[in-house]
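Report on one structure; see the data block that follows.
What follows draws every value from the coordinates through simple rules; no lab data is involved. Just so you know, these numbers come straight off a predicted model, no measurement behind them. In this analysis, Cβ positions are derived from the backbone assuming ideal geometry, glycine residues included, and neighbour counts consider all displayed protein chains.
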């Protein structure tokens, strides 16, 4: 019988927290919607801010970056994953979404079994239709120094606008872009419930890709925006140290803070578990 602990929300056998600091390496812009326009700013393409005017990286943005990066990593490892965008999700692609939705109120055991067998590591980790993910990303805010001053600076730059329809520079059109300056620092925190070690390794491998500059955050990536690095990282663990029959025990140092590069070296055993794990789902490959 399959062990469904990883996807269960009514049972908590393990809680992991990865937290640390993000240092901005190149200009960072998480865009604000039109409804968040700040008339006091000279920029017309502004960063997202809270009600105090403090820039924020929403947890939803982190989840999107992790899911899209994870999609590349998982496929590189030969795993079948979906993007989770629109109808490109595991249950919809397998024509099981209606059966799953009907089973939720009537037969929860059947719903859990369908979800376990026919969804990918991304659906289980980050969530999909009607199902909350097992990893929860918190909003990132700037840190403060010892005097209580925020460790961020906003800058702006006038650029040639890009046509959304033609994908090219618009003729004689300029736009002033606001961004968070390099050197700014934000907190970072992701909370995992019932994550197997191979899924922890998956998340940490995604973080390493970001840390090593293979992945950019936010907008204007083609202009070099969005490079960040992790600092002062800690992996905390409460509860069991292994989840599911397909998981493996791993010896790593929990609840201890490491510098960015050192953290990824110390957590290498978790990454290796992900790289070698025999992941039994999803069943019935769409590519056969």
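Of note:
- Between residue 109 and residue 54, the modelled labels are 4.9 nm apart [label points 7 Å from Cα along Cα→Cβ].
- Using a Gaussian network model of the chain in which every pair of alpha carbons under 10 angstrom is joined by a spring, one finds that among 191, 112, 204 the greatest mean-square fluctuation is at 112.
- Within the listed set 81, 65, 11, the Gaussian network model of the chain (springs between alpha-carbon atoms below 10 Å) gives the highest mean-square fluctuation for 11.
- In the set (i) 1.39; (ii) 0.98; (iii) 1.09, the label that goes with Cα Rg over 2.2 N^0.38 Å computed for this structure is (iii).
- Model label points for residue 153 and residue 15, set 7 angstrom from Cα along the Cα-to-Cβ axis, are 3.9 nm apart.
- Kirkwood-Stokes translational diffusion coefficient of the stretch 39-122, alpha-carbon pairs, 20 °C, 1.002 mPa s, µm²/s: 135
- From helices alone, the chain scores -8000 deg cm²/dmol at 222 nm; the rule is -39500 (n - 2.57) for each run of n ≥ 4 DSSP H residues, then divide by the residue total.
- The stretch 86-105 residues near the modelled residue 286 label - backbone nitrogen below 20 Å, point 7 Å along Cα→Cβ: 86-102
- If the segment from residue 98 to residue 249 were pulled out straight at 0.36 nm per residue, it would be longer than the present Cα-Cα gap by 50.7 nm.
- Computed from Cα atoms, the angle from the helix 97-106 axis to the main principal axis of the chain rounds to 70 degrees.
- Between the stretch 199-250 and the stretch 81-97, the C-alpha centres lie 24 angstrom from each other.
- Virtual paramagnetic centre 7 Å along Cα→Cβ of residue 229, amide N under 11 Å, in the stretch 1-32: 23-26
- With Cα atoms, 0 to 90° folded angle of helix 108-118 axis to the chain main axis: 70
- Residue of 237, 197, 187 that the Gaussian network model of the chain assigns the largest fluctuation, springs spanning Cα pairs under 10 Å: 237
- In plain terms, the residue of 30, 22 with the fewest other Cβ atoms within 10 Å comes first and the most crowded comes last, giving 30, 22.
- Measuring nothing but how far apart in sequence close Cα pairs (under 8 Å, 6+ apart) lie, relative to its length, the stretch 12-276 scores a relative contact order of 31 percent.
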